[in-house]
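The values are calculated or read from the model by the stated rules, or taken from the named source; none is laboratory data. Here the structure is a predicted model, which means the values were calculated and not measured. Every residue, glycine among them, receives a Cβ derived from its backbone with ideal geometry; neighbour counts consider all protein chains shown.
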Amino acid sequence: MDIANQFFKAFIKDGRWQLYVKGLGITIEVTIFAALLGLLLGTIACLLNMQRGRTGKRTIASRIAFIYIDIIRGTPTLIQLMIMWNVIMVSSKNKILVASLAFGINSGAYVAEIIRGGIQSVDAGQMEAGRSLGLSRIQTMMNVILPQAFKNCFPSLLNEFITLLKETSIASAVGLVDLTHAADLVSSKTYQPMMPLLGAAVMYFIVVKTLSVVFGKVEKRLRESDNR
Amino acid sequence: MMKKNSAVLLAGMMAVSLAACGESSEAPAENSAAATAAVAAATAAETSADETTAAADTTAAAAVTTADADAAAPTFDLSADPYAGDGVLTVGLNATFPPFEYVGDDGNPTGFDVAMMQEIGSRLGLTVEIEDMDFDGIVGAIGNKIDVAATGMTITDERKEAVNFSDPYYDATQSVLLPADSAAASKEDLAGLTVGVQAGTTGEMVAEGVEGIGEIVSVKSFNQAVLDLVNGKNDAVIIDAVPAKAFLSQYPDALKIVDGETMGFDVEQYGIAMPKDDAELGDAINSTLKAMKDDGTYDALVEQWINNYEAE
């Protein structure tokens, strides 16, 4: 059967399935680093972006954060990656590091906006209550507002992580052997693109599904004590 | 009542226009009913007998409707060919391979392969359309997105399982681009080095065949691989000899070449890749290529595009 032959050539011959597994490992590695970096950068950028001075105008830190979010959201990820690889980190050989940095910085800009949405959806009364209890602005933020904000952000954050996972396939442009590149390598040897590409798609889907299920459980736990 | 009538009328118009569109874009093989008797006779003659002998003179000459001036060279009628029958020969290539194909000043692919295919196309009475695509997808796209491919592609047994090749049109060896201060001079010196190659090329296969080689970094574009070499991210790039010289002329002080003979690489031959099920097109292209070699056009193209290539 032709399908069986194609399947054999795409996955089993020469132990080619190991290429996919290795590629998947690298994809997940880059995604995790980029996601953590993005979360950190995004939270900081968001809080700075929302900061206003005594007179109600933006502080310098706030302006810097705003420019960061604006520019990173306004340019394509591939161009950011190429600039990071060919210009900024021009002497680095570590593709995983460069890719994680580029995707992390990119993700941070989007996460900043997601968290801003989450914070602004928390009732204004929470800040007033915290302040009238004697907590400072920062203390209220950290202990009262942000925990509630994160819960509101969860669906959007999951979206962002899923996008990040699939976006890492761009890194094949600098030679990083992620899952998509592994499928490309196999299909360039067998001249039959269908099986490798379908196999890679199935693997991506399994990872995304697992992420969704785990996030769903966490979200459910967080909502347990709500009466909505 | 009015609304229902207009709806039915519009639906009818849509159906009629769809049918009309479908007919005009149908495969040429089904046009024989509408074609003139002369073409129909020629088609019948071609599908049975082999092209190169009898059909070359009278029947084909009578049936060719597009201009084909040279009476001495054999002419081919490809109007019944499943790939070239629409009068357009779609040629796939990867324009990161100077001087065979590269993106010229006007932003369009240009180079020796482009010039050669345009000459072949004009001799066969076909319009040539160039498709610039990733190299590792080209073999799989023959017969689907593209009709043939002329992209400095080496004839290998594995590729021959998937496509037909024309007669060889250029001899080449892989060579190694190195930083100007590198000490590597033989195949053994490549052990442990990080080598950049383009995905799907024979350079990649050669790299995989070197014992003890370090990391093989395969990218989609030779431009990126050479840029990485210049920036120190790779230790070497394995690429065909002629493009290696072309890249060297872009970075004269940073790189040097060690040629394939010193490295003990095999001599390879480039061929035009064509669909496996189309012997007619293969014969047409082969005989045109031979005619070009015989009458000096081929040598003129080599002189113009390869020997006189200068980097921008």
- Query: Does segment A:110-124 include one or more residues that are under 25 Å from B:Val230 (Cβ atoms) and surrounded by fewer than 16 Cβ atoms within 10 Å (Cβ to Cβ)?
  - Reply: no
(request) Examine segment A:130-137 for a residue that is modelled with pLDDT under 95 and either surrounded by 18 or more Cβ atoms within 10 Å (Cβ to Cβ) or under 22 Å from the mean Cα position of the chain (by Cα) (or both), and state whether such a residue exists. (result) yes
Among residues of segment B:176-198 being modelled with pLDDT of 90 or more and more than 14 Å from every other protein chain (Cβ to nearest Cβ), the residue surrounded by the most Cβ atoms within 10 Å (Cβ to Cβ) is B:Val176
Of (1) modelled with pLDDT under 90; (2) within 14 Å of chain A (Cβ to nearest Cβ), B:Thr75 satisfies every one except (2)
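Would it be correct to say that A:Leu101 is assigned to a helix (DSSP H, G or I) and either within 14 Å of chain B (Cβ to nearest Cβ) or free of Cβ contacts under 8 Å to residues at least 12 places away in the same chain (or both)? Can you show your working first?
Working: assigned to a helix (DSSP H, G or I): yes; either within 14 Å of chain B (Cβ to nearest Cβ) or free of Cβ contacts under 8 Å to residues at least 12 places away in the same chain (or both): no.
Spelling it out, it is not the case that A:Leu101 is assigned to a helix (DSSP H, G or I) and either within 14 Å of chain B (Cβ to nearest Cβ) or free of Cβ contacts under 8 Å to residues at least 12 places away in the same chain (or both).
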Do the conditions hold for A:Ile32, that is, is it under 30 Å from the mean Cα position of the chain (by Cα) and either in contact (Cβ under 8 Å) with a residue 40 or more places away in the chain or on the phi > 0 side of the Ramachandran plot (or both)? no
If I filter segment A:88-95 for residues that are more than 14 Å from chain B (Cβ to nearest Cβ) and either over 25 Å from A:Pro155 (Cβ atoms) or outside any helix (DSSP H, G or I) (or both), do I get at least one hit?
no
Residue hits (segment A:96-129; closer than 13 Å to A:Gln148 by Cα and among the hydroxyl-bearing types (Ser, Thr, Tyr)) are A:Ser121
How many residues of segment A:138-168 are free of Cβ contacts under 8 Å to residues at least 12 places away in the same chain and more than 14 Å from the chain's Cα centre (by Cα)? The answer is 4
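Do the conditions hold for B:Asp68, that is, is it more than 30 Å from B:Ala225 (Cα to Cα), among the acidic types (Asp, Glu) and either at pLDDT below 50 or surrounded by 13 or more Cβ atoms within 10 Å (Cβ to Cβ) (or both)?
On the way: more than 30 Å from B:Ala225 (Cα to Cα): yes; among the acidic types (Asp, Glu): yes; either at pLDDT below 50 or surrounded by 13 or more Cβ atoms within 10 Å (Cβ to Cβ) (or both): yes.
So B:Asp68 passes the test.
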Requested in this report: Using the structure shown, decide if B:Pro252 is more than 13 Å from every other protein chain (Cβ to nearest Cβ), surrounded by 21 or more Cβ atoms within 10 Å (Cβ to Cβ) and of a type outside the set (Val, Ile, Thr).
Outcome: no
Taking segment A:198-228 and keeping only residues that are within 30 Å of A:Phe8 (Cβ to Cβ) and touching a residue at least 12 places away in the same chain (Cβ under 8 Å), one is left with A:Gly199, A:Ala200, A:Met203, A:Tyr204, A:Val207, A:Val208
Picking from A:Ala112, A:Ala124, A:Ala149, the residue that is away from chain B (no Cβ under 14 Å), in contact with a helix residue (DSSP H, G or I) (Cβ under 6 Å, 6 or more places away or on another chain) and modelled with pLDDT under 90 would be A:Ala149
Note on segment A:181-196: residues farther than 13 Å from B:Ala141 by Cβ and within 7 Å of chain B (Cβ to nearest Cβ) are A:Asp184, A:Leu185
Selection from segment A:45-60 of residues surrounded by 15 or more Cβ atoms within 10 Å (Cβ to Cβ) and assigned to a helix (DSSP H, G or I) yields A:Ala45, A:Cys46, A:Leu47, A:Leu48, A:Asn49
Of (1) touching a helix residue (DSSP H, G or I) at 6+ places or on another chain (Cβ under 7 Å); (2) within 24 Å of A:Ile162 (Cα to Cα); (3) surrounded by 13 or more Cβ atoms within 10 Å (Cβ to Cβ), A:Arg73 satisfies every one except (3)
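I want to confirm something. Restricting to segment B:209-229 and keeping residues that are more than 10 Å from chain A (Cβ to nearest Cβ) and modelled with pLDDT under 90, which single residue is surrounded by the most Cβ atoms within 10 Å (Cβ to Cβ)?
So in segment B:209-229, the residues more than 10 Å from chain A (Cβ to nearest Cβ) come out as B:209-214, B:222-223, B:226, B:229.
Applying the additional criterion that residues be modelled with pLDDT under 90 yields B:209-214, B:222-223.
Values: B:Gly209: 11, B:Val210: 20, B:Glu211: 8, B:Gly212: 10, B:Ile213: 19, B:Gly214: 16, B:Phe222: 27, B:Asn223: 18.
Among those that are more than 10 Å from chain A (Cβ to nearest Cβ) and modelled with pLDDT under 90, it is B:Phe222.
For segment A:153-180, enumerate the residues that are within 13 Å of chain B (Cβ to nearest Cβ) and either touching a Phe, Trp or Tyr at 6+ places or on another chain (Cβ under 6 Å) or surrounded by 20 or more Cβ atoms within 10 Å (Cβ to Cβ) (or both).
A:Ile170, A:Ala171, A:Ser172, A:Val174, A:Gly175, A:Leu176, A:Val177, A:Asp178, A:Thr180
Quick one: is A:Leu47 within 29 Å of A:Ala173 (Cβ to Cβ) and either away from chain B (no Cβ under 14 Å) or touching a residue at least 24 places away in the same chain (Cβ under 8 Å) (or both)? Break it down into steps so the answer makes sense when it comes.
Working: within 29 Å of A:Ala173 (Cβ to Cβ): no; either away from chain B (no Cβ under 14 Å) or touching a residue at least 24 places away in the same chain (Cβ under 8 Å) (or both): yes.
No.
Within segment B:253-312, restricting attention to residues that are among the aliphatic types (A, V, I, L, M) and over 21 Å from B:Thr154 (Cβ atoms), which residue is modelled with the lowest pLDDT? First the steps, then the outcome.
First pass over segment B:253-312, keeping only residues among the aliphatic types (A, V, I, L, M): B:254-255, B:257-258, B:263, B:267, B:272-274, B:279, B:281, B:284-285, B:289, B:291-292, B:300-302, B:306, B:311.
With the extra rule that they be over 21 Å from B:Thr154 (Cβ atoms), the set shrinks to B:254-255, B:279, B:284, B:291, B:300, B:311.
Values: B:Ala254: 86, B:Leu255: 89, B:Ala279: 85, B:Ala284: 89, B:Ala291: 92, B:Ala300: 92, B:Ala311: 61.
So, considering only residues that are among the aliphatic types (A, V, I, L, M) and over 21 Å from B:Thr154 (Cβ atoms), the one modelled with the lowest pLDDT is B:Ala311.
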Sole miss for B:Gly125 among (1) outside the structural domain of B:Gly214 (by TED's automatic domain parsing); (2) within 29 Å of B:Leu248 (Cα to Cα); (3) touching a Leu at 6+ places or on another chain (Cβ under 9 Å); (4) modelled with pLDDT under 90 is condition (2)
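Return the only residue of B:Gly121, B:Gly104, B:Gly143, B:Gly152 being among the small types (Gly, Ala, Ser), closer than 21 Å to B:Ala300 by Cβ and touching a residue at least 60 places away in the same chain (Cβ under 8 Å). Spell out how you get there, then give the answer.
Numbers: B:Gly121 fails: touching a residue at least 60 places away in the same chain (Cβ under 8 Å); B:Gly104 fails: touching a residue at least 60 places away in the same chain (Cβ under 8 Å); B:Gly143 fails: closer than 21 Å to B:Ala300 by Cβ.
One residue alone meets the criteria, B:Gly152.
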When (1) under 30 Å from B:Ser221 (Cα atoms); (2) away from every other protein chain (no Cβ under 14 Å) are applied to A:Gly118, the one that fails is (1)
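Being of a type in the set (S, T, N, Q), more than 10 Å from chain A (Cβ to nearest Cβ) and out of contact with any Gly (no Cβ under 6 Å at 6 or more places or on another chain) is true for just one of B:Thr173, B:Thr202. Which residue is that? Full working, then the answer.
Values: B:Thr173 fails: out of contact with any Gly (no Cβ under 6 Å at 6 or more places or on another chain).
None of the other options fit; the residue is B:Thr202.
Please note which helices (runs of 4 or more DSSP H) are completely contained in segment A:116-228 and include at least 1 residues that are of a type in the set (Asp, Glu).
The qualifying helices (runs of 4 or more DSSP H) are A:124-132, A:146-167, A:179-190, A:194-222.
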